[in-house]
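Student: Mind looking over this structure? Questions follow.
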């Protein structure tokens, strides 16, 4: 495939604000970027697309001073530059907002903004407060400069990260997966701010896998495939199917299959489930529902509505209030109560439970262990004697790397060195490999490219066909409505209702996410 295979008239004119020419970057035997040339223009929103491991974040990390290219050159406003550190990037008015926030929780927004700045005069937080307020007014942000980070929502933290780079003079902003943890409403608010920044002449690069967002917000799309630059195209002259074909290199079917459920059986019955955290805040309030083997039950809700606590209680990772009941029934009709049981006790009951948590590295995988050792986490108790047999976890690691196309130098690579999408592939692959009768996933496709996301959907449908009860917590309402048989909606820790995934509308579910009412009666009662 030749470089620049698709190039059309750009939505802006003039010389580029940034030109990256013939950029190459390797990590050991892995070629992250291979002879990439990319232009970024003033007053445009450029979407950078590509599968996991295609080199998108690596390329932008070189522009923001995190990495230094092995070969190639960078020029800003036509002038050759050398960007060897984030400070060099800031001096060139380039700022990057990373997928994982870099904030100090115990400090206020204003304190985080000036943290690390070498100001030649005494720090004046009152002046910082005033400047932050002016930035908010100019672009449409909503942020309290005096609010502590630990009291902020995810969207407020992201807003703070963007304001931080604007305060430091950034004219070229790079946003890595900015909507990964945002609700549809928060995403629209962010897009409004981005359009205001674009109108002010800012250059914005957005790294994302969500094609409907690409079509909504960007002026131009540039595509990378396996580290190489495929081409760029004006957003107005393309569509999701063409972009997907460019990313993958061949036609990909963009329809999520949803086979009719067969031979439904009661697998999990939850009654009056209530959870209170260590600060005394009620996270779940008398939630009741039934999950059936042979179906996919979706869970929708704005961030912090109790989705995390729901799955963790069932998995034995968090205690529930007195009066809560979680009853599991296996394929042979054996009934077990899961309340008050630890994960090991649940496993000893013979419960085949797979859990893909929201926090991949904090809870799902051990970052410093390699891929094979992370496979061992699920099976180390199955052997006998004092020695561990590594043949099975190594074979499983090799199978997952091959089936999910995990970009890695090998199975002995620590998972913390993988991209976010590849980390998720390893986690999902490991959990599915255990042939579960109950599978729970929180944001299983977050950070995954379109091709791998559809692989995950296919695997979930395969689990459903085997009679597994699948509980899928998702943030994309379009996917929930296409994939799930029923959708349970949480609002402020309470059950707003359960609707039929085949007949519900996005507007209906969106209303239920923000209002508890009679909108969604239990669909199977």
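Student: Looking only at segment 412-434, which residues are under 13 Å from the mean Cα position of the chain (by Cα) and either crowded, with 23+ Cβ neighbours inside 10 Å or not assigned by TED's automatic domain parsing to the domain that holds residue 396 (or both)?
Tutor: Matches in segment 412-434: 421, 422, 423, 424, 425.
Student: Given the conditions (1) under 26 Å from residue 158 (Cα atoms); (2) modelled with pLDDT under 95, report the number of the one that residue 27 does not fulfil.
Tutor: Status for residue 27: all satisfied but (1).
Student: State all residues of segment 223-260 that are in contact with a helix residue (DSSP H, G or I) (Cβ under 7 Å, 6 or more places away or on another chain) and assigned to a loop (DSSP other than H, G, I, E, B); if no residue qualifies, say none.
Tutor: 251, 252, 254, 256, 257, 258, 259
Student: Moving on to the next point. Looking only at segment 4-22, decide whether some residue is assigned by TED's automatic domain parsing to the domain that holds residue 239, within 26 Å of residue 426 (Cα to Cα) and either in a loop (DSSP other than H, G, I, E, B) or at pLDDT 95 or above (or both).
Tutor: So far as segment 4-22 goes, no, none of its residues is assigned by TED's automatic domain parsing to the domain that holds residue 239, within 26 Å of residue 426 (Cα to Cα) and either in a loop (DSSP other than H, G, I, E, B) or at pLDDT 95 or above (or both).
Student: When residues of segment 144-160 are filtered for being surrounded by fewer than 20 Cβ atoms within 10 Å (Cβ to Cβ) and in contact with a strand residue (DSSP E or B) (Cβ under 8 Å, 6 or more places away or on another chain), how many remain?
Tutor: Total meeting the criteria: 4.
Quick grid of which residues meet (1) closer than 17 Å to residue 308 by Cβ; (2) surrounded by fewer than 22 Cβ atoms within 10 Å (Cβ to Cβ); (3) modelled with pLDDT of 95 or more; (4) out of contact with any strand residue (DSSP E or B) (no Cβ under 7 Å at 6 or more places or on another chain):
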{"position": "450", "(1), (2), (3), (4)": "no, yes, no, yes"}
{"position": "461", "(1), (2), (3), (4)": "no, yes, no, yes"}
{"position": "466", "(1), (2), (3), (4)": "no, yes, no, yes"}
{"position": "470", "(1), (2), (3), (4)": "no, no, yes, no"}
{"position": "477", "(1), (2), (3), (4)": "no, yes, no, no"}
{"position": "486", "(1), (2), (3), (4)": "no, no, yes, no"}
{"position": "511", "(1), (2), (3), (4)": "no, yes, no, yes"}
{"position": "514", "(1), (2), (3), (4)": "no, yes, no, no"}
{"position": "518", "(1), (2), (3), (4)": "no, yes, no, yes"}
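Student: Consider residue 175 against the criteria (1) within 20 Å of the chain's Cα centre (by Cα); (2) assigned to a helix (DSSP H, G or I); (3) surrounded by 21 or more Cβ atoms within 10 Å (Cβ to Cβ): it satisfies all of them except one. Which criterion is unmet?
Tutor: For residue 175, the failing item is (2).
Student: Take the residues of segment 323-338 that are part of a loop (DSSP other than H, G, I, E, B) and touching a helix residue (DSSP H, G or I) at 6+ places or on another chain (Cβ under 8 Å): which is nearest to residue 272 (Cα to Cα)?
Tutor: The residue in question is 324.
Student: Spot the failing condition for residue 482; the list is (1) under 23 Å from the mean Cα position of the chain (by Cα); (2) surrounded by 20 or more Cβ atoms within 10 Å (Cβ to Cβ); (3) touching a residue at least 60 places away in the same chain (Cβ under 8 Å), and only one is missed.
Tutor: (2) is the only condition that residue 482 fails.
Student: I need a count of the residues in segment 263-309 that are without any contact (Cβ under 8 Å) to a residue 24 or more places away in the chain and either under 24 Å from the mean Cα position of the chain (by Cα) or buried (at least 16 other Cβ atoms within 10 Å of the Cβ) (or both).
Tutor: 0
Student: Condition (residue is assigned to a strand (DSSP E or B), assigned by TED's automatic domain parsing to the domain that holds residue 193, closer than 27 Å to residue 131 by Cα and touching a residue at least 12 places away in the same chain (Cβ under 8 Å)) applied to segment 44-55: is it met by at least one residue?
Tutor: Checked segment 44-55: at least one residue is assigned to a strand (DSSP E or B), assigned by TED's automatic domain parsing to the domain that holds residue 193, closer than 27 Å to residue 131 by Cα and touching a residue at least 12 places away in the same chain (Cβ under 8 Å).
Student: Shifting gears a bit: Of all residues in segment 488-504 being modelled with pLDDT of 90 or more and in a loop (DSSP other than H, G, I, E, B), which is surrounded by the fewest Cβ atoms within 10 Å (Cβ to Cβ)?
Tutor: 503
The values are calculated or read from the model by the stated rules, or taken from the named source; none is laboratory data. The model shown is predicted, which means the values in this text are computed figures rather than measured ones. Here Cβ is always computed from backbone atoms with ideal geometry, including for glycine, and neighbour counts include all displayed protein chains.
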